[in-house]
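Heads up: the structure comes next, in structure tokens.
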Amino acid sequence: MPSNPTLNPLNAISPLDGRYHSKVDALRPLFSEFGLIKARVKIEIEWLIHLSRQPELPEIAEFSDQTVDALRAIVDQFEIEDALKVKQIESTTNHDVKAVEYYVKEQAEA
């Protein structure tokens, strides 16, 4: 895959966005596969944070502010290379959401 993020297939909204790219470029981060993967990463992380704050779930200790910031930084710093890692994981799991879960786990342990 090309290394230039604007040419990466994960950023494509559809095969038609090449011709009208100047009209849809602002939508790429939201509606591309990259945008979908990033949104899923955010949802998984926010759900994990939420679960950690539930006293009825003693299996998950409440995260410190520092841990919450570190988890949210995974989303804030999410780039095309990270989406490619998720796609690589997906090639072995054959499940897109499970690949996101594994990616988040890997990043949280780093």
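Only the coordinates and a few stated rules stand behind these numbers; no lab work does. Being a predicted model, the structure only gives us computed values, none of them experimental. Here the Cβ is made from the backbone with ideal geometry for all residues, glycine too, and neighbour counts use every protein chain on show.
A few notes on this one:
- For segment 5-109, the calculated P(r), taken from all Cα-Cα distances in 10 Å bins from zero up to the bin holding the longest distance, is 14, 40, 29, 13, 4, 0 percent.
- Crossing angle, helix 80-93 versus the chain [Cα axis fit, 0-90 degrees, rounded to tens]: 70 degrees
- C-alpha long axis of helix 96-109 to longest principal axis of the chain, angle in °: 60 degrees
- With the simple model of a label 7 Å out from the Cα in the direction of the Cβ, HIS95 to GLU81 spans 2.9 nm.
- Residues LYS23, LYS42 arranged by fewest to most Cβ contacts within 10 Å: LYS23, LYS42
- Reach of LYS85 by Cα under 23 Å, taken over lysines that are not fewer than 8 positions away in the same chain: LYS38, LYS42, LYS98, LYS105
- Furthest towards positive pole of dipole, LEU30, VAL97, LEU71, structure part the chain, Cβ charges: LEU30
- Karplus 3J(HN,Hα) series, Hz, for segment 39-50 with 6.51 cos²θ - 1.76 cosθ + 1.60 (x for Gly, Pro): 4, 5, 4, 4, 4, 4, 5, 5, 5, 4, 4, 4
- Tilt relative to the chain, helix 65-76 - C-alpha long axis, 0 to 90 degrees, to 10: 10 degrees
- Take every Cα pair under 8 Å whose residues are at least 6 apart in sequence, average their separation, divide by the length of the chain, and the relative contact order is 24 percent.
- Summed side-chain charge close to PRO29 - residues other than PRO29 whose Cβ falls under 12 Å, Lys, Arg +1, Asp, Glu -1: -1
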